[in-house]
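Asker: One structure follows; several queries about it will come next.
The values are calculated or read from the model by the stated rules, or taken from the named source; none is laboratory data. As the structure is a prediction and not an experimental result, all values here were calculated from the model. For neighbour counting, all protein chains shown are included, and Cβ atoms are generated from backbone atoms with ideal geometry for every residue, glycine included. Only protein heavy atoms, including side chains, enter the accessible area calculation; ligands, DNA and RNA are left aside. Shrake-Rupley method; radii C 1.70, N 1.55, O 1.52, S 1.80 Å.
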Amino acid sequence: MERPVSRMLAIPSQVAELNDLQRLCRRLEQAKGFQLKAAHLGDAFCSLELSSQGQAYTLSLYLTPFGIPPLYRCQHYFPDVDAEELEAREQGLAVEMTFGPDPLASYHLQLQVIHTLLSDTLAVMDDSSEKLLSGRWVALAAASHIPPAPRYIYTVQAVSGDESDCVWLHTHGLNRCGITELEVLDSSRQTYESHYHILETMANRLLEEEEPLEPGEPLYLARLTDETALVTTLVPWQDAVGFYDEDLLGGREDREESHNGDTSAVFVYPTFEDFEAGNIAPVRIFDEILAGNPIYMISSQETRRMKALATERLPYLLAALADSRNQALVKLGLTVDEEHRQDQEEEDSREHIWFKVLGYQDGAFTAELTQDPYYIAGLRTGHVGQYPVEQLTDWVLFTPERRITPDDVYMLELD
């Protein structure tokens, strides 16, 4: 499949920035993190050739009318003054780019190009994933050496029927990465959140795969119980709708104008015997178990990314904890008991557990365990200990106004 371009629309804080496209393009000549190889300039259009980490990219820039379509998700918080300013805007700078083999690196580069062109953006509208990003968040993401979370590449939309309980979940944004969009058909208002986690976990895993997952190929996503694993697979939508009633939301009649391209429904193999026999089933067969506490698998690659970002932005957390009204949790990677250790990567021999922060001094947290570990026999909920910052994997800050993660530290500038 030929990849669609990734299209983003940047809205600068200063409208006058859009008056001279050639001047904006010249800013790329001094960029850090990528190299401008060639630029073909016109009055209202610019074609670029860039290189980053040994990979070549082509981009197109042009001015275009701006308006926020009704179904687009607002991914970030916007103060009222910014929201009002955005509502009044009529033009933006479109930045189109063909992704390379690494989706996260490509997405990160597109943000870096936008920030280099327009260092002060009010917002960035990601047309490919149908979401609106805060300009403050874009500036932080572009300045970091660490790419944003994989979930930024795509959006999961939930469409519900007017008179039925049926919910149709589907993604936008994955096609630009050379992989199929994902869907769950025949979800419900009671179960769609559990099904959302399946789509999110599967999308994140597919973004890391060297080759696209083939229809019928299994993918292990989660441990549901001691005896039950969540093993998913893909079914092209043309075949998937045949498992349901003709008038199902998301059926053939709903595909006449959209969602009829490269998109696949997620099904499961209920047991290993079903996999061997090629028997698939809708994800809803696990609804009762999914309502419990499934353990979704996070790859070592994503664990390293989360750890790097949490460490990079730790100063935001420590500064915020100087205010006694704020509280925090930290996720720490602790070495599991000997019988549970793996011979592979170090992350495979660690259990990542949430602790409540009681204090921080000399590079170590004083923290209270909030959950019983699965693979460390000597620890129980309520245990208090000292843990070096090198064990930090992730953190969450709770202020009186909001919940903030390393991805969301731009919000601290709004308080």
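Asker: With +1 on each Lys and Arg Cβ and -1 on each Asp and Glu Cβ, how big is the dipole of segment 182-262 about its Cα centre, in debye rounded to the nearest 20?
Answerer: 300
Asker: Can you find, among ILE289, VAL231, VAL15, the residue farthest towards the positive end of the dipole of the chain? Put +1 on the C-beta of Lys and Arg, -1 on that of Asp and Glu.
Answerer: VAL15
Asker: Tell me which trypsin sites (Lys or Arg not before Pro) from segment 1-65 have a DSSP coil assignment and no more than 10 other beta carbons within 10 Å of their own.
Answerer: The qualifying sites are LYS32.
Asker: Next question, about the same structure. Once you've got the GNM for the chain with C-alpha springs shorter than 10 Å, pick whichever of GLN371, GLN157, GLN361 has the biggest mean-square fluctuation.
Answerer: Sorting by GNM fluctuation, first place goes to GLN361.
Asker: Evaluate E = 1/(1 + (r/R0)^6) for ARG23 and ALA56, where r is the Cβ-Cβ distance and R0 equals 25 Å; express this FRET efficiency to the nearest 0.05.
Answerer: 0.50
Asker: If you don't mind, another one. Considering only PHE267, PHE243, PHE78, give the residue with the highest GNM mean-square fluctuation for the chain, with springs between Cα atoms whenever their separation is below 10 Å.
Answerer: The residue with the greatest mean-square fluctuation here is PHE243.
Asker: Right, here's the next one. Given +1 on the Cβ of Lys and Arg, -1 on the Cβ of Asp and Glu, and no further charges, what dipole in debye does segment 29-103 carry about its Cα centre, rounded to the nearest 20?
Answerer: That gives a dipole near 360 debye.
Asker: Before anything else, pin down the relative contact order of segment 136-277: Cα pairs under 8 Å, at least 6 apart, normalised by residue count, whole percent.
Answerer: 21
Asker: Then there is this: In Å², what does the accessible area per residue of segment 297-415 work out to with a 1.4 Å probe?
Answerer: So segment 297-415 comes to 53 Å² accessible per residue, rounded to a whole number.
Asker: Would you work out which of ALA123, LEU111, SER51 lies farthest towards the positive end of the dipole of segment 35-134, given +1 charges on the beta-carbon of Lys and Arg and -1 on that of Asp and Glu, about the Cα centre?
Answerer: Value computed over the given set: SER51.
Asker: Right, something else. Report, to the nearest whole %, how much of the accessible area of segment 243-316 belongs to carbon and sulfur atoms, 1.4 Å probe, protein only.
Answerer: On the way: 2120 of 4310 Å².
Its accessible area is 49 percent carbon and sulfur atoms.
Asker: Using the alpha carbons of the chain, what is the convex hull volume per residue in cubic angstrom, as a whole number? Show your work: numbers first, answer last.
Answerer: Numbers: hull volume 72.2 nm³, N = 415.
Each residue corresponds to 174 Å³ of Cα convex hull volume.
Asker: Using Cα pairs closer than 8 Å and at least 6 residues apart in sequence, work out the relative contact order for the chain, in percent.
Answerer: Numbers: 749 pairs, mean separation 45.1, N = 415.
Over the chain, the number comes to 11 percent.
Asker: If the cut-off is a Cα-Cα distance under 20 Å, which lysines reach LYS356, setting aside same-chain residues fewer than 8 apart in sequence?
Answerer: LYS307, LYS331
Asker: Name the residue, out of ALA364, ALA308, ALA158, whose mean-square fluctuation peaks in a Gaussian network model built on the chain with Cα pairs under 10 Å.
Answerer: The residue that fluctuates most here is ALA364.
Asker: For segment 74-193, what does the accessible surface come to per residue with a 1.4 Å probe? Please give it in Å². Each step should come with its number before you reach the end.
Answerer: Working: 4120 Å² over 120 residues.
Heavy-atom SASA per residue in segment 74-193 reads 34 Å².
Asker: As a check on your grasp of the helix formula, calculate [θ] at 222 nm for the chain: sum -39500 (n - 2.57) over DSSP H runs of n ≥ 4, divide by the residue count, round to the nearest 500.
Answerer: Value at 222 nm, helices only, nearest 500: -6000 deg cm²/dmol.
Asker: Right, here's the next one. Using a 1.4 Å probe on the protein heavy atoms, what percent of the accessible area of segment 1-72 belongs to carbon and sulfur?
Answerer: Roughly 49 percent, rounded to a whole number.
Asker: Please identify which residues in segment 352-384 have an amide N closer than 19 Å to a label point set 7 Å out from the Cα of LEU318, following the Cα→Cβ vector.
Answerer: Once the point is set 7 Å along Cα→Cβ of LEU318, 355-368 turn out to lie under 19 Å by backbone N, inside segment 352-384.
Asker: While we're on this one: First compute the accessible area of segment 102-196 with a 1.4 Å probe, then give the percent of it belonging to carbon and sulfur atoms.
Answerer: Values: 1220 of 2740 Å².
It is 45 percent, rounded to a whole number.
Asker: Compute the relative contact order of segment 36-156 as a whole-number percentage, counting only Cα pairs closer than 8 Å that sit 6 or more residues apart in sequence.
Answerer: Reported as a whole number, the value is 22 percent.
Asker: Placing unit charges on C-beta atoms (Lys and Arg positive, Asp and Glu negative, everything else neutral), compute the dipole magnitude of the chain about its Cα centre in debye, rounded to 20.
Answerer: About 1720 debye.
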